[in-house]
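The values are calculated or read from the model by the stated rules, or taken from the named source; none is laboratory data. Since the structure is predicted, the reported quantities are computational estimates derived from the model, not experimental observations. Neighbour counts run over all protein chains shown; Cβ positions are idealised from the backbone, glycine included. Note: areas computed on protein heavy atoms with side chains; ligands, DNA, RNA excluded. Shrake-Rupley method; radii C 1.70, N 1.55, O 1.52, S 1.80 Å.
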Amino acid sequence: MKILLILIFTLIGCARDKESISEQTQFTNQLLLQTLRASDPNFLDKVVFSRADTEGTTVTRINSTNLDFYIYFSLQTNSQIPASLASSTSWDIAFNRYKISTNSGSTNSAGSGGACLSNQTTVSSASNTNRINQNCTDDKFVIDGRSTTQGVGGAVGDFIGNPLMTEWYNYEIGNLTTKGLIYIVRSGNGSSYYAVRMESYYSEAGTSGYPTIRWKKLP
């Protein structure tokens, strides 16, 4: 990390000295900086957008294209949480490409999170319905553990995450589409509940590894 910071400060310093470097060099430095940031889950730049939408819901897109780590997100503060705090209760949901984790179990034994499958069909209706009436009593919440799932290309992969939420998609030769399921996600500190639906897995340019969720807090 120390070496990474030195490189970044060096690049920034060079970029400020516009007379001594060419536009091509500046462009190369910028690409290098972007590469360094993309390879570090502690850089808080992985939220593509998180904006208010219809019926009081929020739509959030995460850049989780890197296979090597999860991107942690707090529904409570509507913000990315650095990987250095993965063992804390400050985050609620995390993404590693198509895989989803909650702050619980094998991911973080100190977390009180988890997920339950709602009987509602929209985020809005789920957020306005008592979780007990959605068949989401405390004993119905699934916590993180080691599991397997079918990934892109049909390969079966082993992962640590939430096995319930990672079943959000239908798979068709190189393409993932949402089943439209509504999940109730318990926060990492166990104090709040959120209705969450996976909307899509692709960026506007069609690049995979950009999970988009629609969510809203239960009263």
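With respect to ILE132, determine if the residue is of a type outside the set (Ser, Thr, Tyr) and open to solvent by less than 10 Å² (accessible area, probe 1.4 Å).
For ILE132, the condition - of a type outside the set (Ser, Thr, Tyr) and open to solvent by less than 10 Å² (accessible area, probe 1.4 Å) - is not met.
Can you tell me which of (1) surrounded by fewer than 15 Cβ atoms within 10 Å (Cβ to Cβ); (2) at pLDDT 95 or above is the one GLN34 doesn't meet?
(2)
All but one of (1) open to solvent by less than 40 Å² (accessible area, probe 1.4 Å); (2) at positive phi hold for GLY206; state the number of the condition that does not hold.
All conditions are met except number (1).
Sort out which residues of the stretch 57-77 are open to solvent by 10 Å² or more (accessible area, probe 1.4 Å), within 20 Å of ASN108 (Cβ to Cβ) and not in a strand (DSSP E or B), and write them in order of number.
Listed by number, the residues that qualify are ASN66, ASP68, PHE69, TYR70, GLN76, THR77.
Does ARG197 satisfy being within 19 Å of SER127 (Cα to Cα) and assigned to a strand (DSSP E or B)?
Considered against the rule, which asks whether it is within 19 Å of SER127 (Cα to Cα) and assigned to a strand (DSSP E or B), ARG197 comes out as yes.
Looking at this structure, is SER104 more than 22 Å from ALA205 (Cβ to Cβ), open to solvent by 30 Å² or more (accessible area, probe 1.4 Å) and either assigned to a strand (DSSP E or B) or among the small types (Gly, Ala, Ser) (or both)? It would help to see each step written out before you state the result.
On the way: more than 22 Å from ALA205 (Cβ to Cβ): yes; open to solvent by 30 Å² or more (accessible area, probe 1.4 Å): no; either assigned to a strand (DSSP E or B) or among the small types (Gly, Ala, Ser) (or both): yes.
No: the conditions fail for SER104.
For the subset of the stretch 209-218 comprising residues that are over 11 Å from ILE62 (Cα atoms) and either without any contact (Cβ under 8 Å) to a residue 40 or more places away in the chain or not in a loop (DSSP other than H, G, I, E, B) (or both), which member is most open to solvent (accessible area, probe 1.4 Å)?
It comes out as LYS217.
Among the numbered criteria (1) closer than 20 Å to GLN76 by Cα; (2) part of a loop (DSSP other than H, G, I, E, B), which single criterion is violated by ALA205?
Of (1) closer than 20 Å to GLN76 by Cα; (2) part of a loop (DSSP other than H, G, I, E, B), only one is false for ALA205: (1).
Just give me the residues in the stretch 111-158 being under 19 Å from LEU218 (Cβ atoms), of a type in the set (Val, Ile, Thr) and either at pLDDT below 95 or in a strand (DSSP E or B) (or both), in sequence order.
Within the stretch 111-158, VAL142 is the sole residue that qualifies.
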